[in-house]
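Colleague: The structure's right below; bear with me while I get my questions together.
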Amino acid sequence: MRFQTLILSVICMVLTAGAASAEKRVAFVVGNGAYKNVAPLPNPSVDAKAIAATLRNVGFEVVEGSNLTRDKMTERLLDFGKKAQGADVALFFYAGHGIAISGTNYLLPVDADIKSEMDVKLGAAINIDLTLEQTMGDAKVKLVFLDACRDNPFAAKIKSNSATRSVNVQTGLAEMKSGEGTLIAFATGPGQTALDGQEGGNSPFTRALLANLTQPGVEIQQAMTKVRAQVNEETNKGQLPWGHTNLIGAVYLNGAPAPGAVAAAAPAATGSSKASDVELEFWRSIKDSNKPEELNAYLTNYPNGQFRSLALSRIASLESGAKDATRNLSAGIDPATFKDEANQTTEDQIGLDKGQRRDVQRRLTGLGFDTKVTGQFDAPTRAVITRWQAARGYPKSGYLNKLQHKALLTEIVAAAPAASADEERPKPRRAPSSNTVQAQPQPQQAPPQRQYTAPAPGPDPAGAGRFIGGVVGGMLR
């Protein structure tokens, strides 16, 4: 009887695999990072290549691209739209810059140079809603993953060139509703920004997708629950993926479990998959590493590896070690620190000179939020400040206010703030000779502060970007 049950289970698995292979599965996977007119992003192309390889392994035909201009993106979208007609599953993945204006989301090609809302209307950015409708509308199941919730790099230009009327240029991406048979997943919540991850690795969101999306026998909504949990844990609750689902049935990307075989297969699967010699050697070489990027390299190469949970635990330990040392100080923090927003104005009110800015950078580094000590709050430093704010539960903006600055100064760093190799060092003085009259030292003036324009939140007229969506739609119909 047991033998017959085993035979039936095998037959069911074969039939399930056959059904999956008979499905028409098409994916659009693009990562844009090499931007020409704004600061580049290091990881989107790495993210896209990893996702494309993973999807091909489970039967997807992938339309893939990295660092695409507007024209090249349009070509790929046309190709994807033709192949996705009548598909059983159509999947859309994008990593890179995305912007939200007046509640509408747009993707940015690498040649985007947006100076005003008119540029958006005339097609410099890709309208996500129209693109998904035109390319995936005929598919039975539509899955959308957007690792694009980064700060709008053109916000200041759009605001400055739209002084005659109110323009709502939002932070992060706006909320989107899914239609029937659709799942939409964002790297983080509406209006929030997501972390890009270590340079050369994967973002936290993409890394979690790689680890969970194509697990054998795992339904897509269960997989996304695991994705949210993993990202939330890795970022110390600083980032929580968000989504909207209107699926009307179970969706499996790597085979549904065979009827009646789930309970029997679970214990067998526990010990059946052993680490290969190569994976084992890789893990041994980095398991005691104090560098998160080395542990992330293991997760990138072995997203479902035998030591995945240990690697994640080690990364979380390294990233939260300094935080644990300061946790006992939270009782002395002004409650308003957790509520009051910070921006360019509030930071200017602190009046930080270059030396004080260096002190901020040294303290952040001492707390485990590595940044160069230059005395300038450039884009990388703003990103580090945002990470620190997220880890402490303060409103995230990348700028400081007086309360946050005071809270930072009260934290006990792992080591005393010391001079960094990145700092400008004073030249050694020559000892004055006995015949030399030494000049009296003059008081040193603090260098002028560099002014930054804060990315202003706020909306933009609805329907922007309809032009490019209509062009794509017209070519596909």
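Colleague: Carbon and sulfur together cover what percent of the accessible area of region 47-108 at a 1.4 Å probe radius? Don't skip to the end; give the middle numbers.
Modeller: Values: 800 of 1910 Å².
Taking all protein chains in place, region 47-108 shows 42 percent carbon and sulfur surface.
Colleague: With the crude spin-label approximation of a point 7 Å out along Cα→Cβ, what separation in nm comes out for Lys372 versus Gln306?
Modeller: Using points 7 Å along Cα→Cβ, the separation is 4.2 nm.
Colleague: On to the next question. If you stretched the chain out fully between Lys291 and Asp334, how much longer would it get, using 0.36 nm times the residue separation minus the C-alpha to C-alpha distance?
Modeller: On the way: separation 43, 0.36 × 43 = 15.48 nm, distance 3.33 nm.
Once the chain is fully extended between Lys291 and Asp334, it gains 12.1 nm.
Colleague: Follow-up question, since we're still on this one. Taking 2.2 N^0.38 Å as the expected size of a compact globular protein, what ratio does the Cα radius of gyration of region 23-71 give against it, to two decimals?
Modeller: Values: Rg = 12.3 Å, N = 49, 2.2 N^0.38 = 9.7 Å.
With N residues counted in region 23-71, Rg over 2.2 N^0.38 Å equals 1.27.
Colleague: Here's something else I'd like to know. Please give the length that would be gained between Leu318 and Thr245 if that part of the chain were fully extended, namely 0.36 nm times their separation in residues minus their C-alpha to C-alpha distance (nm, one decimal).
Modeller: Details: separation 73, 0.36 × 73 = 26.28 nm, distance 3.45 nm.
The Leu318-Thr245 span can extend by a further 22.8 nm.
Colleague: Here is a further query. Simple spin-label model, 7 Å along Cα-to-Cβ: Ala53 to Leu409 in nm?
Modeller: So the label points at Ala53 and Leu409 sit 4.9 nm apart.
The values are calculated or read from the model by the stated rules, or taken from the named source; none is laboratory data. Just so it is clear, the model here is predicted, and its values are computed rather than measured. Cβ coordinates were reconstructed from backbone atoms using ideal geometry, including for glycine residues, and neighbour counts include every protein chain displayed. Ligands, DNA and RNA are excluded from the accessible area calculation, which covers all protein heavy atoms including side chains. Shrake-Rupley method; radii C 1.70, N 1.55, O 1.52, S 1.80 Å.
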